[in-house]
Amino acid sequence: MISIILAVCFIPVWFVIYFMIRNTVKPKKNIIIGVTLPQSAHNDSDTQAICASFRKWLNIAMMPLLLLTLPSFFLQPMGAAMTWFMTWALLVIVGPMVVFAIHRGKLMALKRANNWYSAAQGRTLVDIKAAALPPHKIKGFWFLPPFIASFIPLVYSLINPAERDLAILYGTFAFITLSFWLFYHLIFRLRSELVNENMTLTLALTRVRRYNWGKFWLIASWVNGAFAILIWAFADNVTAILVVALAYTLLIIAVALNTEFATRVAQQKLTAADTGDHYLDEDDHWLLGLFYHNPNDNHLMVNDRIGMNMSVNLAKPVGKLIISLSALCIAALPFVGIWLWAEELTPTRLTINETTLIASHTRERYIINLESIEAIELIEVLPNAVRTAGTDMENLYKGIYRVSGYGSSRLNIQPLNPPFLVIRSGGNTYIINDADSNVTREIYKTLY
């Protein structure tokens, strides 16, 4: 079951990256594989040969990675499967980037050999008129219903003590909806879609991107609002939550891909009609075609040349910080899996002395004063438990859970190693055990 959940979370990443990178062989305005080319060079035989080589090597790099998801379904425990998927994700991110950078270098060499440079090479085009373009923003009240919907579960959890343990989860949904609204406004602050000195074309291209991505962020807000309500409604149904989460993920990905491809098609049709020689050529500002570095650009965020996200300007200190942190997070992916694997293999322990009972796992998790214990029970079968916050692995439940018949409880157990102690102390419910069932039983006898 865990492997299926991980597959649902990770495999869509392969499809998003593969199709976005593969699509770079098609002109994005006048850019192919990260290289700015005149319209006359787009169908050049040498250009097309490099594009064909790019597609071939992208398939060689990516197709085996898709097949490498299969062994994960047979890996146990969860930590092993997570390590496999995290390492796999790193390869899926880095592999196609290497193929892209190599073929981008080949296309740049072809560009230099044929002197396919713009007459405006080395000049900075200023988008004063485009910057003054009326935003034509979607009315704010269209974002209000999903915003309210995503806040309903949060407010309900805050005013109901029995639901308060879910406040962080519901607060996350509210924050995401707010973030989508902020991202919507951010697209109007990005640099305009410059291609050449034709400001009419720039205005048209800018309107196309703003319109399409404006719709996306609005749709994403409504989807997230509905997701928050559904998770709230099915809070105790793990299967329903998984189905809703899968539908949410696939829908957001599908809408995002459709938005970007529709934007590219519309922009390319507009650009193809303009065959002027004075077009924007910023290839020297894109390192490997992936990283933007332009000290003359005051923008921190710009539209990425590949993918459907935004890139940062490495000429800005904040840009360097963002890229460094992102690279660190990507490089750390396999180590996250290894850490989870170590967590899962570490046994839970119970120790008791004259005054306290200590439940530990890698460190002391709960310290229970013996005098404050109000009730104690030994159970052989763990009731249905849904995680609110903490760790949920096949043989490790650690954190706050909603447990059938007990409500919000603090768990530190290995569910495959019964029995379990249920302790009421200081207004809290603790469900704990030792990896050694004999230790758990002996402590129960001592306290009962």
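The values are calculated or read from the model by the stated rules, or taken from the named source; none is laboratory data. All of these numbers come straight from a predicted model, not from anything done at the bench. Neighbour counts run over all protein chains shown; Cβ positions are idealised from the backbone, glycine included.
Which one of these is part of a helix (DSSP H, G or I) and either at pLDDT 85 or above or crowded, with 17+ Cβ neighbours inside 10 Å (or both): 4, 93?
Only one candidate passes the filter, namely 93.
If you scan the stretch 298-318, which residues turn out to be surrounded by 14 or more Cβ atoms within 10 Å (Cβ to Cβ) and under 20 Å from the mean Cα position of the chain (by Cα)?
The answer is 301, 302, 303, 304, 305, 306, 307, 308, 310, 311, 312.
Let's see how each residue does on (1) modelled with pLDDT of 90 or more; (2) assigned by TED's automatic domain parsing to the domain that holds residue 396; (3) under 20 Å from residue 264 (Cβ atoms):
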site: 42; (1), (2), (3): no, no, yes
site: 78; (1), (2), (3): no, no, no
site: 86; (1), (2), (3): no, no, no
site: 112; (1), (2), (3): yes, no, no
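Against the definition (in the same structural domain as residue 218 (by TED's automatic domain parsing), modelled with pLDDT under 80, of a type in the set (Ser, Thr, Tyr) and surrounded by fewer than 19 Cβ atoms within 10 Å (Cβ to Cβ)), how does residue 200 come out, yes or no?
So residue 200 passes the test.
Which one is surrounded by the most Cβ atoms within 10 Å (Cβ to Cβ) among residues in the stretch 362-385 that are small (Gly, Ala, Ser) and more than 33 Å from the chain's Cα centre (by Cα)? Outline the logic, then answer.
So the first thing to find is which residues in the stretch 362-385 are small (Gly, Ala, Ser), and the list is 372, 375, 385.
Still in the running and more than 33 Å from the chain's Cα centre (by Cα): 372, 375.
Values: 372: 13, 375: 9.
Out of the qualifying residues, it is 372.
Given the residues 10, 54, 85, 100, which is the only one that is within 17 Å of the chain's Cα centre (by Cα) and crowded, with 21+ Cβ neighbours inside 10 Å? Talk me through it step by step, then tell me what you get.
On the way: 10 fails: crowded, with 21+ Cβ neighbours inside 10 Å; 54 fails: within 17 Å of the chain's Cα centre (by Cα); 100 fails: within 17 Å of the chain's Cα centre (by Cα).
Just one listed residue meets the conditions, 85.
May I ask you to list pairs of residues, at least six apart or on different chains, whose Cβ atoms are under 7 Å apart, with the first in the stretch 329-350 being within 25 Å of residue 421 (Cβ to Cβ) and the second being surrounded by 18 or more Cβ atoms within 10 Å (Cβ to Cβ) and charged (D, E, K, R)?
Pairs found: 348/434; 349/434; 350/434.
So, in the stretch 351-361, how many residues would count as being more than 13 Å from residue 424 (Cα to Cα), surrounded by 13 or more Cβ atoms within 10 Å (Cβ to Cβ) and either touching a residue at least 12 places away in the same chain (Cβ under 8 Å) or not aliphatic (A, V, I, L, M) (or both)?
Within the stretch 351-361, residues that are more than 13 Å from residue 424 (Cα to Cα), surrounded by 13 or more Cβ atoms within 10 Å (Cβ to Cβ) and either touching a residue at least 12 places away in the same chain (Cβ under 8 Å) or not aliphatic (A, V, I, L, M) (or both) number 6.
Specify which of the listed residues (336, 302) is of a type in the set (Val, Ile, Thr) and assigned by TED's automatic domain parsing to the domain that holds residue 18.
Values: 302 fails: assigned by TED's automatic domain parsing to the domain that holds residue 18.
336 is the lone residue from the list that is of a type in the set (Val, Ile, Thr) and assigned by TED's automatic domain parsing to the domain that holds residue 18.
Which pairs have Cβ atoms under 6 Å, sit 6 or more apart or on different chains, and link a residue in the stretch 35-52 that is farther than 13 Å from residue 24 by Cβ and in contact (Cβ under 8 Å) with a residue 60 or more places away in the chain to one that is surrounded by 16 or more Cβ atoms within 10 Å (Cβ to Cβ) and of a type in the set (Val, Ile, Thr)?
These pairs meet every condition: 41/47.
What tally of residues in the stretch 298-318 results from selecting those that are free of Cβ contacts under 8 Å to residues at least 40 places away in the same chain and of a type in the set (D, E, K, R)? Spell out the reasoning first.
As a first pass, look at the stretch 298-318 and keep what is free of Cβ contacts under 8 Å to residues at least 40 places away in the same chain: 298, 300, 304, 309, 311-318.
Remaining after also requiring of a type in the set (D, E, K, R): 304, 316.
The qualifying residues number 2.
Give the stretch 326-363 a look and list any residue that's touching a strand residue (DSSP E or B) at 6+ places or on another chain (Cβ under 7 Å) and of a type outside the set (Gly, Ala, Ser), or say none.
343, 344, 346, 348, 349, 350, 351, 355, 356, 357, 358, 361
Being of a type in the set (A, V, I, L, M) and out of contact with any Leu (no Cβ under 8 Å at 6 or more places or on another chain): is that true of residue 7 here?
yes
Quick check, is residue 395 without any contact (Cβ under 8 Å) to a residue 40 or more places away in the chain and of a type in the set (S, T, N, Q)? Walk me through how you get there before you give the answer.
Working: without any contact (Cβ under 8 Å) to a residue 40 or more places away in the chain: no; of a type in the set (S, T, N, Q): yes.
Spelling it out, it is not the case that residue 395 is without any contact (Cβ under 8 Å) to a residue 40 or more places away in the chain and of a type in the set (S, T, N, Q).
Hey, among the residues in the stretch 329-348 that are β-branched (Val, Ile, Thr) and not in a loop (DSSP other than H, G, I, E, B), which one's farthest from residue 433 (Cα to Cα)?
As a first pass, look at the stretch 329-348 and keep what is β-branched (Val, Ile, Thr): 330, 336, 338, 346, 348.
Okay, now just the ones that are also not in a loop (DSSP other than H, G, I, E, B), so 330, 336, 338.
On the way: 330: 36, 336: 26, 338: 24 Å.
Only one residue tops the list, namely 330.
All but one of (1) more than 30 Å from residue 186 (Cβ to Cβ); (2) of a type outside the set (Asp, Glu); (3) surrounded by fewer than 17 Cβ atoms within 10 Å (Cβ to Cβ); (4) free of Cβ contacts under 8 Å to residues at least 40 places away in the same chain hold for residue 321; which doesn't?
(1)
Restricting attention to the stretch 231-256, report how many residues are over 25 Å from residue 163 (Cα atoms), touching a Phe, Trp or Tyr at 6+ places or on another chain (Cβ under 7 Å) and buried (at least 16 other Cβ atoms within 10 Å of the Cβ).
1
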